[in-house]
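Trainee: Here it is, the structure, as structure tokens.
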Amino acid sequence: MTGTTSSNSGGIASARIAALREREAAAFRAARPRSEKAFGDGLAGYLGGVPMLWMQDWPTPFPIMVESARGASIVDIDGNRLADFCLGDTGSMFGHSPPPVARAIRRQSARGLTYMLPSDDAAAVGKLLVQKFGLPRWQIATTASDANRFALRVARAVTGRPKILVFNGCYHGAVDETFVRLDNGRPANKRGLAGEYRDLSRHSKVIEFNDIPALEAALADHDVACVVTEPVLTNCCMVEPTPDFHAELRRLTRETGTLLLIDETHTISTAPGGFTRKHGLEPDIFVLGKPIAGGVPASVWGLSGDVAERYDRYLATKEPGYSGIGTTLSANPLQFAAMRATLEAVMTDENYDHMERLAVRLQAGLTAAVERHALPWHVVRVGARVEFVCAPGPLRNGGEADAAHAPALEAAIHVALVNRGVLIAPFHNMMLVSPATSRRQVDRLVVAFADIAAELAA
Ligand SMILES: Cc1ncc(COP(=O)(O)O)c(C=O)c1O
């Protein structure tokens, strides 16, 4: 979710964008009479006519009313079949209902869904988390937002420091401390925040990604408990780290006694152990949500041995009572069954090889279309995650990423893609390749994108 204020139009005349949008909106409607009728002016009984308010943010005239989804396809109630490259914005990164996960859910459904006690699957998952991601001590939560929130409590508890540091343009879920941005260079609450009465920048520092001098200055006061970051920013277009960024980030956090939390919720697209394993990062805290249970709500957060020991010591001195960590339905047996199946049978090297191969093909196809039509755009990829950006690249930080957004143009392209049989993520131009995605689906997306690019560039 971006909340951009950018007025970029990607080098395309606004009249041309408006014409595309209007024509494609009409085509979308014409193909979906049942959906339009079912949705009406909004679904009855819901605030804003949708079960989650952000469902209003899809660029289509009304949300796609889903009949079913399987593998990398999604079918609406009018019978339109789409190749799904949104994949629930990563929740279904491994495809809809991966067969091993579906079997595990069926099995567990006969054995109880929540009991606040461990099980054989819980024992197996603990070992798998250590094996796959390297950190030795783990906890389970239900959303990545929760995992980040809980991990930040631990960071503050063990360091005794009040502040956290995030990078401009970041998104880590519904985590209050992270809702800060640079507004004309000054830290401020993110625009659009609802019901926030505090100045969040009092306890959260925010600087640009890839800015080592700013990081050094921000950590110099020794008041930051934890730096929280994705290894590649994926929530504001896509911003890759400069070659020395992660080494410097780790050096400076270590030198100042600051913890480093790496949020792999999106960048787990990189490889089975995430960007962290592939690039040898050494986080103190590791967070992963969304696809970890194949689409069943679950998240995990892991601690290094050092942080775990310090937290044990802290717990020995803490007054009894609520820690502020934990929700009733977290660590339930359905999550464990689905996580075990995902970790054992879905997040495999073979599946990642397939995802990477097709994502490379997708990136090459989109890049060729951009170049053929001399559009001032670029395409970026982190493993199975590909994004086209309607501005020149590479982007170095969240400020540049914000300016690169082209909201009207992107909305028109998204609807035009749907009308050509492909769905990509709303809010930005993200496409994920799953183990179930076929070469034909990738080629379909490339052809659709090239067709739209040709029209826009003509
Ligand atoms: C990097 C990152 N962390 C955390 C979250 C929050 O995930 P959830 O909405 O499942 O809590 C998101 C959501 O997009 C995310 O992109």
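The values are calculated or read from the model by the stated rules, or taken from the named source; none is laboratory data. Given the structure is predicted, the values throughout are model-derived calculations rather than measurements. All Cβ positions, even for glycine, are placed from backbone atoms using ideal geometry, and neighbour counts span all protein chains on display.
Trainee: Show the residue pairs meeting these rules: Cβ distance below 7 Å; 6+ apart or different chains; first residue within the range 131-151 and under 14 Å from Ser323 (Cα atoms); second residue modelled with pLDDT under 95 and of a type in the set (Ser, Thr, Tyr).
Mentor: none
Trainee: Going through the range 258-298 one residue at a time, which ones are in contact with a Leu (Cβ under 7 Å, 6 or more places away or on another chain), among the polar types (S, T, N, Q) and more than 17 Å from Cys226 (Cβ to Cβ)?
Mentor: Within the range 258-298, Ser269 is the sole residue that qualifies.
Trainee: From the list Pro394, Pro426, which one is at pLDDT below 95 and closer than 17 Å to Thr234 by Cβ?
Mentor: Values: Pro394 fails: at pLDDT below 95.
Testing whether each residue is at pLDDT below 95 and closer than 17 Å to Thr234 by Cβ leaves just Pro426.
Trainee: Right, here's the next one. What are the pairs with Cβ atoms under 6 angstrom where one residue, in the range 429-445, is at pLDDT 95 or above and the other, located anywhere, is in a helix (DSSP H, G or I) and of a type in the set (A, V, I, L, M, F, W, C)? Sequence gap at least six, or different chains.
Mentor: If the second residue must be in a helix (DSSP H, G or I) and of a type in the set (A, V, I, L, M, F, W, C), the pairs left are Leu432/Leu87; Val433/Met355; Val433/Leu358; Val433/Ala359; Ser434/Leu87; Thr437/Leu358; Val442/Leu358; Val442/Leu362.
Trainee: Which of the residues belonging to the range 242-286 are within 16 Å of the ligand (Cβ to nearest atom), within 16 Å of the chain's Cα centre (by Cα) and either part of a loop (DSSP other than H, G, I, E, B) or under 20 Å from Glu356 (Cβ atoms) (or both)?
Mentor: Glu264, Thr265, His266, Thr267, Ile268, Ser269, Thr270, Gly274, Phe275, Thr276
Trainee: Restricting the search to the range 318-342, which residues are of a type outside the set (Gly, Ala, Ser) and at pLDDT 95 or above?
Mentor: First, pick out the residues of the range 318-342 that are of a type outside the set (Gly, Ala, Ser): 318-320, 322, 325, 327-329, 332-336, 339-340, 342.
Those that are of a type outside the set (Gly, Ala, Ser) and at pLDDT 95 or above: Ile325, Thr327, Thr328, Leu329, Asn332, Pro333, Leu334, Gln335, Phe336, Met339, Arg340, Thr342.
Trainee: Now for a separate question. Test Asp221 against the stated conditions and say whether it is under 20 Å from Gly160 (Cα atoms), away from the ligand (no atom under 16 Å from the Cβ) and either in contact with a Ser or Thr (Cβ under 9 Å, 6 or more places away or on another chain) or not aromatic (Phe, Trp, Tyr) (or both). Quick ask: steps written out before the conclusion?
Mentor: Values: under 20 Å from Gly160 (Cα atoms): yes; away from the ligand (no atom under 16 Å from the Cβ): yes; either in contact with a Ser or Thr (Cβ under 9 Å, 6 or more places away or on another chain) or not aromatic (Phe, Trp, Tyr) (or both): yes.
Spelling it out, Asp221 is indeed under 20 Å from Gly160 (Cα atoms), away from the ligand (no atom under 16 Å from the Cβ) and either in contact with a Ser or Thr (Cβ under 9 Å, 6 or more places away or on another chain) or not aromatic (Phe, Trp, Tyr) (or both).
Trainee: Can you pull out the residues in the range 195-230 that are touching a strand residue (DSSP E or B) at 6+ places or on another chain (Cβ under 9 Å) and part of a loop (DSSP other than H, G, I, E, B)? Lay out the reasoning, then the answer.
Mentor: Within the range 195-230, the first condition is being touching a strand residue (DSSP E or B) at 6+ places or on another chain (Cβ under 9 Å), and the residues that meet it are 196, 198-211, 214-215, 217-219, 221, 223-230.
Matches in the range 195-230: Glu196, Arg198, Asp199, His203, Glu208, Phe209, Asn210, Asp211, Asp221, Asp223, Glu230.
Trainee: Mind counting the residues in the range 1-38 that are assigned to a helix (DSSP H, G or I) and either in contact with a Gly (Cβ under 8 Å, 6 or more places away or on another chain) or surrounded by fewer than 16 Cβ atoms within 10 Å (Cβ to Cβ) (or both)? So that I can check it myself, show each step before the final result.
Mentor: Here is the first cut: in the range 1-38, the ones assigned to a helix (DSSP H, G or I) are 14-30, 33-38.
After this cut, where a residue has to be either in contact with a Gly (Cβ under 8 Å, 6 or more places away or on another chain) or surrounded by fewer than 16 Cβ atoms within 10 Å (Cβ to Cβ) (or both) as well, the list is 14-15, 18-19, 22-23, 26-27, 29-30, 33-34, 37-38.
Qualifying residue count for the region: 14.
Trainee: Residue by residue through the range 155-178, note down the ones that are assigned to a helix (DSSP H, G or I) and either within 11 Å of the ligand (Cβ to nearest atom) or touching an Asp or Glu at 6+ places or on another chain (Cβ under 7 Å) (or both). Explain how you work it out, then say what you get.
Mentor: Applying the first criterion (assigned to a helix (DSSP H, G or I)) to the range 155-178 yields 155-159, 176-178.
Across the range 155-178, the qualifying residue is only Thr178.
Trainee: Report, by residue number, each residue of the range 429-446 that is surrounded by fewer than 24 Cβ atoms within 10 Å (Cβ to Cβ) and in contact with a strand residue (DSSP E or B) (Cβ under 9 Å, 6 or more places away or on another chain).
Mentor: As a first pass, look at the range 429-446 and keep what is surrounded by fewer than 24 Cβ atoms within 10 Å (Cβ to Cβ): 430, 435-436, 438-441, 443-444, 446.
Matches in the range 429-446: Met430, Pro435, Ala436, Ser438, Arg440, Gln441, Arg444.
Trainee: Give, as residue ranges, the strands (runs of 3 or more DSSP E) completely inside the range 47-152 that count at least 2 residues that are at pLDDT 95 or above, within 16 Å of the ligand (Cβ to nearest atom) and buried (at least 18 other Cβ atoms within 10 Å of the Cβ). Can you show your working first?
Mentor: Values: elements: 66-70, 73-76, 81-84, 137-141.
Result: 137-141.
Trainee: Looking for something within 16 Å of the ligand (Cβ to nearest atom) and either surrounded by fewer than 21 Cβ atoms within 10 Å (Cβ to Cβ) or part of a helix (DSSP H, G or I) (or both) - is there at least one such residue anywhere in the range 300-317? Before the answer, list the steps.
Mentor: Step one: filter the range 300-317 for residues within 16 Å of the ligand (Cβ to nearest atom), giving 300-302.
Next cut, either surrounded by fewer than 21 Cβ atoms within 10 Å (Cβ to Cβ) or part of a helix (DSSP H, G or I) (or both) only: none.
Checked the range 300-317: no residue is within 16 Å of the ligand (Cβ to nearest atom) and either surrounded by fewer than 21 Cβ atoms within 10 Å (Cβ to Cβ) or part of a helix (DSSP H, G or I) (or both).
Trainee: Does any residue in the range 172-183 that is touching a residue at least 60 places away in the same chain (Cβ under 8 Å) come within less than 7 Å, Cβ to Cβ, of a residue that is more than 15 Å from the ligand (Cβ to nearest atom) and part of a strand (DSSP E or B) six or more places away or on a different chain, and which pairs are these?
Mentor: Partner pairs satisfying both residue conditions: Arg181/Ala188; Arg181/Val206; Leu182/Val206.
Trainee: Please find, among Asp349, Asp306, the residue that is at pLDDT 95 or above, out of contact with any helix residue (DSSP H, G or I) (no Cβ under 6 Å at 6 or more places or on another chain) and farther than 24 Å from Glu387 by Cα. Let's see the steps before the verdict.
Mentor: Details: Asp349 fails: farther than 24 Å from Glu387 by Cα.
None of the others qualify; the one that does is Asp306.
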